[in-house]
1. Looking only at residues in segment 78-111 that are touching a residue at least 40 places away in the same chain (Cβ under 8 Å) and touching a strand residue (DSSP E or B) at 6+ places or on another chain (Cβ under 6 Å), which one is nearest to TRP136 (Cα to Cα)?
2. Out of curiosity, is GLY114 out of contact with any strand residue (DSSP E or B) (no Cβ under 8 Å at 6 or more places or on another chain), crowded, with 16+ Cβ neighbours inside 10 Å, within 24 Å of GLN153 (Cβ to Cβ) and assigned by TED's automatic domain parsing to the domain that holds VAL152?
3. Grab the helices (runs of 4 or more DSSP H) fully contained in segment 118-192, keeping just those with 3 or more residues being farther than 25 Å from ASP215 by Cβ.
4. From the list SER353, SER282, which residue is out of contact with any helix residue (DSSP H, G or I) (no Cβ under 9 Å at 6 or more places or on another chain) and surrounded by 16 or more Cβ atoms within 10 Å (Cβ to Cβ)?
5. Looking at ALA246, ALA254, can you tell me which residue is at pLDDT 95 or above, surrounded by fewer than 19 Cβ atoms within 10 Å (Cβ to Cβ) and in a loop (DSSP other than H, G, I, E, B)?
6. Which pairs do you get when a residue that is within 14 Å of GLY184 (Cα to Cα), found in segment 51-67, comes within reach of a residue that is of a type in the set (Gly, Ala, Ser), reach meaning Cβ atoms under 6 angstrom, with the pair 6+ apart or on two chains?
7. Of all residues in segment 390-429, count the ones that are modelled with pLDDT of 95 or more, over 30 Å from ILE370 (Cβ atoms) and either in the same structural domain as SER539 (by TED's automatic domain parsing) or of a type in the set (Gly, Ala, Ser) (or both).
Amino acid sequence: MKRLGLVLSIVGVGILVFGVIMAVTVMAKGTEATPLAVPHTPPEGATYVGSDTCFKCHSVEHRNWSNTLHANMIQDAAKNPAAVVADFSAGEEFRKKEGDAKGFAKEDITFTLGNKYRQRYIKKTDTGYEVLPGQWNVATKAWETATAADWVQACAGCHTTGFNVKDGSWNQLSISCEACHGPGSVHADAASKLTPQSSADDVYAVRQKIVKSVDATICSSCHTRGSSPDGHPYPVGYVVGGPMEASMFVPVAATGNADDPNFWPDGTAKDHREQYLEWVGSKHGNALADLRNGGGQNFCMGCHSTDFAHQDGVFAQDKVTIDNAQFSITCVQCHSPHGEQKIDNQLRQDSYSLCISCHNGTGVSGASPIQAGSEVHHPMREMFEGVSFLGLEANPSPHFRNEANGPVCATCHMVKTAQSTESGDMPSHSWKVIVPTKNAEGQPDSCTGCHTLERSKDNTPENLAYAVESVQSDTKDRVEALKADLKDITDAHKDWDPKATDKSDEQKLAERITTLVSFVESDGSWGFHNPGFTDDILSEAESNMDDLKSALGL
């Protein structure tokens, strides 16, 4: 009975928690792509029941979600007058269309739209709902130009739950539970029939009657840009948990041209609602396929697959492994759909902690120290923080030492290239470092946002680019020279057994050099995460190489 109670409590979060979808497609290692997701769509006949129904069993998740931007994207101005944040004593010229004698007033507002970057206003008319002209810039606290639009045609598909494009109706304003989990009537009805005598199979059947997928396609139904074949700027016909087909939505594609309204020439986002389009081609978006192609192991999966990382282990049917996992690092690996942590942008942790939870070479707590002779994997945290290993003194990077104003991973790898209201107010999700002089005119880069000319006349784009490229060029040259020497030496000593317990001093020295070089190479920045520490490591490796050559009579 206690076990059933535990199962019921965990299954209880089924409507709201993005858990694990049942994975049945098996993909052999070494193939070229992640298998297509097995659709886990709402059961036939399911209808929308509203988030109040979800609250009855999932009150904690509901309370957390109710404070998120999703829950408050559209608000009823009559029920919540405080939702209107604009100053209506100013900006009338922005609030009227051509030919209008005066701008709309606060009393004309039916719904508010948005509240983080900007806020727009919707009015119910005789023929439907109109997004009124003008918008309120939340950051600058000023009115700006924005054209009026038909809300149902242009917006409602992503700002309501259960939207019916045929008649313009919806079940609930804003992005509620069933926008991501699908209509919940069948799930809720089945759950209401469970009793203490219900079997585990009965409970599992209830769980399967709601969509609980980590698939980024669900997020892409709104966090992307394009149009449906009939001209709506949101998908028409998409079913939560299923595939996004061209008959439902065609996303915009980067052209590489300077005048592309959606993307910069390097493919980073220029406009808002393009997170999915950047992610899908990123290393995060392909982490699972890359792992399989590289012959990775099951213990690597926590940082290469979100359905693996988020499995709860309650039911054996849901066990995810490297062979049956379906999803790479998807949105919910970093973002909490319900906003439990109450961190900006619904992050699960602060951004630096999120990054180093995977991008580290010794474990988040440093519990797996680097050993001589081992190949080091992704030691970005250890390099950036200058963590001591193999007897080297700690040497944190200047960026890391500057705790008050120093950058973190996202500062350089998630440059704010996109625009919601102000140019550069939304981060890129390509994770590309944009080196000054390599960016297009007007495109933000990874350096000049902090290293401004106001701080130093030497902070020109050319000087900053040289600083990056000279460190990387020097590091590559030194690493390649060390690797070439190592290859010559190890080729000449094929009798050196890495598993031996009685290794010679020369073999131990060669293994130490191998690990030092591996640390620098696997970090991936070619020294720029921490130029000083990189120089320390390579200088040590070069000194060790001189000793090794001397010992071998070379």
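1. For segment 78-111, the residue satisfying everything is ALA86.
2. Judged against the criteria, GLY114 is not a match.
3. 151-154
4. Only one candidate passes the filter, namely SER282.
5. ALA246
6. If the second residue must be of a type in the set (Gly, Ala, Ser), the pairs left are SER51/SER176; THR53/ALA188; CYS57/GLY12.
7. Count: 2.
One line per residue, one yes/no per condition, for (1) surrounded by fewer than 18 Cβ atoms within 10 Å (Cβ to Cβ); (2) more than 19 Å from GLU521 (Cβ to Cβ); (3) not polar (S, T, N, Q); (4) not assigned by TED's automatic domain parsing to the domain that holds LYS116:
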| position | (1), (2), (3), (4) |
| --- | --- |
| CYS334 | no, yes, yes, yes |
| GLU375 | yes, no, yes, yes |
| MET380 | no, no, yes, yes |
| GLY386 | no, no, yes, yes |
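The values are calculated or read from the model by the stated rules, or taken from the named source; none is laboratory data. Please read these numbers as outputs of a predicted model, since none were measured by experiment. Cβ coordinates were reconstructed from backbone atoms using ideal geometry, including for glycine residues, and neighbour counts include every protein chain displayed.
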